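A.B. asks: Questions regarding the structure given below will be posed in turn.
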Amino acid sequence: MFEVDKIRERFPILKREVNGRDLVYFDNGASTQKLQSVIDTVSNYYKEENSNVHRGVHFLSGLATDKFEETREVIREFIGAEHTHEIIFTKGTTDSINLVASGFRSLLNKGDEIIISELEHHSNIVPWQMCCEYSGAVLKIIPLKDNGELEVNKFESLLSKKTKLVALSHISNSLGTINPIKEFIEKAHKIGARVLIDGAQAASHISLNMQELDVDMYCFSAHKMYGPTGVGVLYGKEDILNEIPPYQGGGEMIKDVSFKKTTYACLPHKFEAGTPNIAGVIAFKSAIEFISDLGFNTIAEHENYLLEYATQEILKIEGVKIYGTSEKKSGIISFNIEGIHPYDIGVLLDKMGVAIRTGHHCTQPIMERFNIPGTARISLAIYNTKEEIDVCIESIKKAKQMLS
Amino acid sequence: MQTIEEIQEEILEDFDMFEDWIQKYEYLIDLGKDLPAIDEKYKIEENLIKGCQSRVWLHAEENSGNIIFSADSDAIMTKGIVALLIRLLSGQSANDIAHADLDFINKIGLKEQLSATRANGLLSMIKQMKLYAIALDK
């Protein structure tokens, strides 16, 4: 049976106070808190195992390398990828997308098209704008409906022989929309386009299977999955990863270096120049194991319950408007209260120990679409409770009273 | 006309009276509500201060050696802070504004308003007011 108290015990930071109150942490979309097991693994690595990976012949280097590669295999299994070498370690989702966008420049011709959507995070917009700038490709945008869902029909009309890549988020960080990515992938593949999915908001909330999805590339970050910061994953099908040229040059990513001609290493090392975040990668395994042990059915059940309860309670507050009301939704509630700036809500909630995010959430096109300066955003995780939602709702009421 | 230092002292005394953060923030909210409206024609892109989570418009003009500020923000707390800055600096000489040592924010226990992201906004506001003073100094 799922006991949230037992889960909370595994996250030491949740015991702390903020501004004299018990912390209510509702900014999980930005970054989740860390498991004790993750913290211990990082610490133990530096105490007992520290050495560089893939280089030395000595004992510690072998140990660090084995542990590092263990995480890669655990991730392969976690996301249902076919090959372990299709898992590339990066700094995070943003880094993963930039790796692809940077390499894709040389695969595009003038007039080729890349399709993204109106609900993307800036990190799934700007790299493609840069990619287009260099290659002469054209960026096309799938528009958003009022409820925060994408216009699938419009997507179909944007697809053509010119479409080389479709880059979409799995779950919107601002609106919580769960996009029907399988449908998008199928449609894109029909005309021969590749698909990259930004899974930053999805990987700790919904079950993933790369082979079932048949997605070409998928990116996510450890720090949004109870794991360490500075570690991310780019999954890519073997053939596309072989096609994309290296991102950064340096140690580890080469086969042979000479001043006449340097040849590159095979996957995954081709994309892993320099010393990676070894401690972080090794500790990421602890986070994946935590998620796998819980299972996505349990996770979905608890998080959906919290989402429904929080939505129902927040709507009881007069003047509240929720942005993002898609049918399939993740634990994200973006809202505004009539006549009140989201920043003011955020500042006052913080004084009451409730951490939420306010602003445009790095999705300015969405804010423009709804003609708002930003929203206040509650984003939930597995360790959150109904009681915390009650505290948050009371705090919002108090803030509203102070600001009205 | 009081000096900037004298007004800072006054503000510190005002804030000393409050017993908890709620009173303090309610006072800021009231200051925000009472701030005289900026002329709509100054609420333009060029007068926006960058680095704030909320939008802040700041206008400055010179009047016989003194700098008169008017401002607005779409967030009421920000507007409260702006109101404090205007109370301090508006009507002062350009030279005094440019050299003012504004340590009151720390002392009135609004330190969190200075933390990272929010600080950018507040510091940008102060910087912009000083730049206007220097620019308008004749």
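Taken together, the values in this text are just the output of simple stated rules run on the coordinates, not laboratory data. Everything numeric in this text was worked out from a predicted model, so none of it was measured. We place every Cβ from the backbone using ideal geometry, glycine too, and count neighbours over all the protein chains shown.
A.B. asks: Over what distance in Å are the Cα centres of region A:1-59 and region A:208-277 separated?
C.D. replies: What the calculation gives is 25 Å, centre to centre.
A.B. asks: While we're here: From the backbone phi of region A:333-348, what are the Karplus-calculated ³J(HN,Hα) couplings (6.51 cos²θ - 1.76 cosθ + 1.60, θ = phi - 60°) in whole Hz, Gly and Pro given as x?
C.D. replies: 10, 9, 9, 9, 10, 3, x, 10, 7, x, 4, 4, 4, x, 5, 6
A.B. asks: Which angle between 0 and 90 degrees, to the nearest 10, do you get for helix A:59-79 versus the longest principal axis of chain A when only C-alpha atoms count?
C.D. replies: Around 60 degrees separate the two axes.
A.B. asks: Further question: Using amide H atoms built in the peptide plane, which far-off residues or other-chain residues are under 5 Å from A:Ile87 H to H?
C.D. replies: Long-range HN contacts for A:Ile87: none found.
A.B. asks: Using amide H atoms built 1.01 Å from N in the peptide plane, name the residues 5+ places from A:Ile142, or on other chains, whose amide H lies under 5 Å from its own.
C.D. replies: The answer is A:Ile116, A:Ser117, A:Glu118.
A.B. asks: Quick check on chain A: take the gyration tensor over C-alpha atoms, sort the square-rooted eigenvalues as a ≥ b ≥ c, and tell me if it's rounded (a/c under 1.5), prolate or oblate.
C.D. replies: Numbers: a/c = 2.08, a/b = 1.25, b/c = 1.66.
Judged from the Cα gyration tensor, chain A comes out oblate (a/c at least 1.5, b/c at or above a/b).
A.B. asks: Now for a different question. From other protein chains only, count the Cβ atoms within 10 Å of every residue's Cβ in B:21-27, then give the mean. Walk me through the numbers before you get to the answer.
C.D. replies: Details: counts 5, 5, 0, 1, 7, 2, 0.
That works out to 3 on average.
A.B. asks: Between beta-carbons, use under 12 Å as the cut-off and find the net charge around A:Leu107, counting Lys and Arg +1, Asp and Glu -1.
C.D. replies: Summing Lys/Arg as +1 and Asp/Glu as -1 gives +1.
A.B. asks: Given labels modelled 7 Å from the Cα in the Cβ direction, how far is it in nm from B:Glu10 to A:Val4?
C.D. replies: 5.0 nm
A.B. asks: What shape does region A:247-404 have by the C-alpha gyration tensor, where a ≥ b ≥ c are the square roots of the eigenvalues, rounded means a/c under 1.5, and otherwise prolate means a/b greater than b/c and oblate the rest?
C.D. replies: Working: a/c = 2.97, a/b = 2.04, b/c = 1.45.
Taking the square roots of the gyration eigenvalues as a ≥ b ≥ c, region A:247-404 is prolate.
A.B. asks: 222 nm [θ] for chain B, helices only, -39500 (n - 2.57) per DSSP H run of 4+, per residue, to 500? Mind dumping the intermediate values first?
C.D. replies: On the way: 6 runs with 72 residues, N = 138.
So the helix-based figure for chain B works out to -16000 deg cm²/dmol.
A.B. asks: Taking H placed 1.01 Å from N in the peptide plane, check which residues at least 5 places from A:Val320 or on another chain put their amide H under 5 Å from its amide H.
C.D. replies: Counting only residues 5 or more places away or on other chains, the set is A:Glu338.
A.B. asks: For region A:124-169, state which trypsin sites (Lys or Arg not before Pro) are in a DSSP loop and have at most 10 other beta carbons lying within 10 Å of their beta carbon. Mind dumping the intermediate values first?
C.D. replies: Details: sites: A:Lys140, A:Lys145, A:Lys154, A:Lys161, A:Lys162, A:Lys164; in loops: A:Lys145, A:Lys161, A:Lys162.
Sites meeting the loop and neighbour criteria: A:Lys161.
A.B. asks: From other protein chains only, count the Cβ atoms within 10 Å of every residue's Cβ in A:344-355, then give the mean.
C.D. replies: Details: counts 12, 2, 4, 11, 5, 0, 3, 6, 2, 0, 0, 0.
Partner Cβ neighbours, averaged per residue: 4.
A.B. asks: I'd like the Karplus ³J(HN,Hα) series for region B:18-24: coefficients 6.51, -1.76, 1.60, θ = phi - 60°, whole numbers in Hz, and an x wherever there's a Gly or Pro.
C.D. replies: Once rounded to whole Hz, the list reads 7, 8, 9, 5, 4, 4, 4.
A.B. asks: For the residues B:Ile134, A:Ile240, A:Ile171, what sequence is obtained by ranking on other C-beta atoms within 10 Å, fewest first?
C.D. replies: Working: B:Ile134 13, A:Ile240 19, A:Ile171 26.
Final ranking by Cβ density, sparse to dense: B:Ile134, A:Ile240, A:Ile171.
A.B. asks: Can I ask one more? Ranked from highest to lowest mean number of other Cβ atoms within 10 Å per residue, what is the order of the peptides A:292-300, B:74-82? Display every interim value, and only then the final one.
C.D. replies: Working: A:292-300: 13.2, B:74-82: 24.9.
Put in order of decreasing packing, that is B:74-82, A:292-300.
A.B. asks: Then there is this: Within the set of other residues whose C-beta is less than 11 Å from the C-beta of A:Thr363, count the net charge using Lys and Arg as +1 and Asp and Glu as -1. Each step should come with its number before you reach the end.
C.D. replies: Working: positive: A:Arg369, A:Arg377; negative: A:Glu118, A:Glu120, A:Glu368.
For residues surrounding A:Thr363, the net value is -1.
A.B. asks: Still on this structure, I have one more. Rounded to the nearest Å, what's the spacing between the alpha carbon centres of region A:111-164 and region A:182-201? Just the number, please.
C.D. replies: Answer, in whole Å: 12.
A.B. asks: Measure nothing but the geometry: give the 0 to 90° angle between the long axis through the Cα atoms of A:181-190 and the longest principal axis through the Cα atoms of chain A, rounded to 10°.
C.D. replies: It works out to around 40 degrees.
A.B. asks: Then there's this: Holding the Cα-Cα limit at 18 Å, pick out from A:Lys316/A:Lys386; A:Lys329/A:Lys397; A:Lys67/A:Lys255; B:Lys50/B:Lys127; A:Lys187/A:Lys329; A:Lys91/A:Lys182 the pairs that are longer than that. If you can, show how the numbers build up before the last one.
C.D. replies: On the way: A:Lys316/A:Lys386 16 Å; A:Lys329/A:Lys397 25 Å; A:Lys67/A:Lys255 23 Å; B:Lys50/B:Lys127 11 Å; A:Lys187/A:Lys329 22 Å; A:Lys91/A:Lys182 26 Å.
Over 18 Å apart, Cα to Cα: A:Lys329/A:Lys397; A:Lys67/A:Lys255; A:Lys187/A:Lys329; A:Lys91/A:Lys182.
A.B. asks: Same structure, new question: How large is ³J(HN,Hα) for each residue in region A:353-369, as worked out from phi by the Karplus curve 6.51 cos²θ - 1.76 cosθ + 1.60 (θ = phi - 60°), to whole Hz, x for Gly and Pro?
C.D. replies: Residue by residue, region A:353-369 yields x, 9, 9, 10, 10, 10, x, 9, 6, 6, 9, 4, x, 5, 4, 5, 4 Hz.
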